[in-house]
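Since the structure comes first, as structure tokens, the remarks are kept for the end.
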Amino acid sequence: MRWRYLDLTGFLTVGVVCLLAAVPVEGQVFTTPWGDPDLQGTWTNRTLTPLERPAEFEGKPTLTEAEALEWEARLRDGNNTDIRTADSDYTPGTLRDVTAAYNTIWYDRGERIVADRRTSLVINPADGKVPELTPAGAARKVDLREADLREDLGRADSWEDFSAYVRCIIRSGLPRLSTGYNNNYEIVQTPGLVAIYQEQMHDIRLIPLDGRPHLPGAVRQWLGDSRGHWEGDTLVVETTNFTDQARGSLFLEATKDMVLVERFTRAGADMIDYRFTITDPATWTSSWTVALPWNREPGLIYEYACHEGNHGLMNSLSAARAADEAEAQEQP
Amino acid sequence: MYSKLAMVIAVCGLVAAPAPASAHHSFAGEFDINKPIQLQGTVTKVEWINPHAWIHIDVTQPDGSVESWAIEGGTPNSLFRRGFTRDSVKIGTVINVDGYESRDGSRKANGRDLTLPDGTKLLMAGSRPN
Amino acid sequence: MISIAAVVLVVALGMELAGQAPSPTAERIQGRPNLSGIWQAVNEANWDLEAHEARPGPSQFGALFSEPAGLGVVVGNEIPYNASALEQKQENFANRWTADPAAKCYMPGVPRATYMPFPFQIIQGTGKIVIAYPFASATRLIHMEDVGESPVDTWMGWSHGRWEGDTLVVDVTSFVDQTWFDRAGNFHSAALHVVERYTPTGPNIIQYEATIEDPTVFTRPWTIRMPLYRRLDENAQLLEFKCIPFAEELVYGHLRRQVEN
């Protein structure tokens, strides 16, 4: 008798709980035919909002509408490589002008800050700044910066003096922030798996949802190894097994043992609430979290065949050999 | 020598975009900051390729001879999303190039600023609103 | 008392289950077969689409890179080149160990990506289908609705897909002219047009057909045909094959600084 009562209550409770878990959050009606939340579509993470809170906004996590408009205009001007005057950011004849490289039409940095008018993409720590680096992390950051600057000297020995970016292997390790262009993604879902096609470098992230373990530690990948599961309407993706085989394979000054946890939650027809948390105690003294929304992109994803057309690296190497030749001829 | 340039770069330290170090393209290693160049030429071919488009122009010299130059642009992908196509820069268009010459001595330059003879930027903002 | 404890226990259990239930699999999506999964061609097509004997590889590697014989995958067993294109093919074949664009880790194009001897993955969504090929991280996005023409020629083509019954038909255009169909030097121009047909004939087999049309190179369209087999390994996973670092010596080696002796 008591057993039968337990059965019925248990059944009803589990049923109610499961129903509640399945009921969409307010306003959300995006579900795949097989019942998973639907994140599919073409998305962009382009934004003007910087990773870290600028000094002028210390203590000010969000702006008023008026402040936001004023700041947006300043950020757009700062990105406008067409403004080339003696007192602009891009004065002809300066290193900054050379590295700006093109007219603004070739770039796609975005026109807006994030919709909630935050002053940084970093939301944890609360000061909007990346946590302090460990001594090893700080040293790695300096080394990476110096290696980048050496590329500008035009005296490379070989392609290995260039980053994975210049070599067209990958263009920035995960997680991806808003960059100069190609900030576009196509999410395609099928039962048991989420795929994210990244326009930058035509890379595909394949995220199984079946609870399988990660790859063995000896197998490392440029985009790591991702495993996903649903927590209510949120896709939670854990990525490990990164590689440090070349400069530029990792995110900022991270090590290959970094653990990345991303959360994707559909927030209406035209937005995904995207946030990530990085844990890499060898690099940062604490975990840190970024919120960077993905907005609906009305355009299409285009192929970015980088290595196949990489005249830039060829030219950089021939420039280095030409410099060697010139130097050799200077010496009697 | 290049070590002096290295010192200058180390002191100044600033590279254009507010992007992480891993997103650096070594333009200054390919094109010479000390060799700014202005060219006017007629478009003969456009390679709509990645990572950089290449606009080939014929530049008529004062003595009447013609030099062929290759001008480096950015990624066509940004243009396509703005509604441009491979027909948006037509053969025969006269363009002005304000850029930096290739370090290796070949007839290449980066198209830092591309304009039409009337001063308007090549490929003004396109049909699709941002 | 016991019943309240039981309710609490069951609620906790139910919530745990709701958070971790794996997504279902599905044999059909929106009334069509679900082609998602990891697939692989098992044949000798990547060495040579046409029937061929076993042949040597580069001699310094002995038998290691020699080539097995193949029955061929071309319907009618003849690739119908026009006269000048046939000469180009023969020149390609003579130079194939260096001239094959795949040696430089260039994306292999369509349909070669299908029958390179590596697994690939189909991800069938509700508006797009992605096919991921690990070699050179080549990826194709197949649009299942009309998105218009490609603005430019591409390495992996511009794909529009539609269903004819249980067959996925993919129409591919806008190719660059720089890929080969195999290691034997079979090639095409930028006029290439490929129509693929993927027909499942069981849970673990897709019959694949590709019809190739290129009036500047071939005198008529021709078709290849092969089964694709599902990879049934436990926890089968597509792994990266980013081969650019393996090819850079070939591509840029002539510009490496030579160390003086």
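Bear in mind that the values in this text are calculations on the coordinates, not laboratory data. All of these numbers come straight from a predicted model, not from anything done at the bench. Every residue, glycine among them, receives a Cβ derived from its backbone with ideal geometry; neighbour counts consider all protein chains shown.
Kirkwood hydrodynamic radius for region B:27-127: how many Å is it when counted over pairs of different Cα atoms?
This gives a value of 13.9 Å.
For chain A, the longest principal axis of the alpha carbon atoms and the long axis of helix A:2-22 meet at an angle near 30°. Working ranking of peptides B:93-105, B:56-68, A:46-58 by packing, defined as the average number of other Cβ atoms within 10 Å per residue, highest first, is B:93-105, A:46-58, B:56-68. The angle between the Cα long axis of helix A:65-79 and the longest principal axis of the Cα atoms of chain A comes to about 40 degrees, rounded to the nearest 10. The fraction of Cα-Cα pairs per 5 angstrom bin, counted from 0 for region A:203-332, comes to 2, 8, 12, 15, 15, 14, 11, 7, 5, 4, 3, 2, 1, 0, 0 percent, rounded to whole percents. Between C:H143, C:H193, C:H52, the Gaussian network model of chain C with springs among Cα atoms under 10 angstrom shows the greatest mean-square fluctuation at C:H52.
Over the Cα atoms of the protein assembly as shown, the radius of gyration divided by the Kirkwood radius equals 0.99; this is the Rg/Rh ratio.
Residue by residue along A:157-167, Cβ atoms of other protein chains within 10 Å of the local Cβ number 6 on average.
Which order, highest average first, do C:82-95, A:110-123, C:160-173, A:294-307 follow once you tally other Cβ atoms within 10 Å for each residue and take the mean per peptide? It would help to have the intermediate numbers written out before the result.
Numbers: C:82-95: 13.3, A:110-123: 19.1, C:160-173: 16.5, A:294-307: 20.6.
Answer by packing, highest mean first, reads A:294-307, A:110-123, C:160-173, C:82-95.
For region A:182-253, the alpha-carbon coordinates run over 37, 31, 18 Å along the three principal axes, in decreasing order.
Taking beta carbons within 10 Å but only from partner chains, what does the mean come to for residues A:295-302? Intermediate values should be presented prior to the final figure.
Values: counts 0, 0, 1, 3, 7, 10, 5, 14.
The mean count of partner-chain Cβ atoms within 10 Å per residue comes to 5.
Rounded to the nearest 10 degrees, what's the angle between the helix A:135-151 long axis and the longest principal axis of chain A, both from Cα atoms, 0 to 90? In chain A, helix A:135-151 runs at an angle near 50 degrees to the longest axis. Inter-part distance, region C:207-254 to region A:268-332, computed on C-alpha centroids, equals 27 Å.
What does the structure give for B:77-88 when I average, per residue, the other chain Cβ atoms found within 10 Å of the residue Cβ? Don't jump to the answer; show the numbers that get you there.
Details: counts 15, 12, 6, 6, 13, 4, 2, 2, 4, 4, 1, 1.
That average works out to 6.
Using +1 at the Cβ of each Lys and Arg and -1 at the Cβ of each Asp and Glu in region C:164-224, identify which of C:P200, C:G165, C:V217 lies farthest towards the dipole's positive end. Value computed over the given set: C:V217.
The value given for chain A is a Kirkwood hydrodynamic radius of 22.7 Å, derived from the mean inverse Cα-Cα separation. With a cut-off of 11 Å, note down the residues of region A:197-241 whose backbone N falls inside the zone around a label point 7 Å from the Cα of C:N235 toward its beta carbon. Flagged as within label range: A:211-217.
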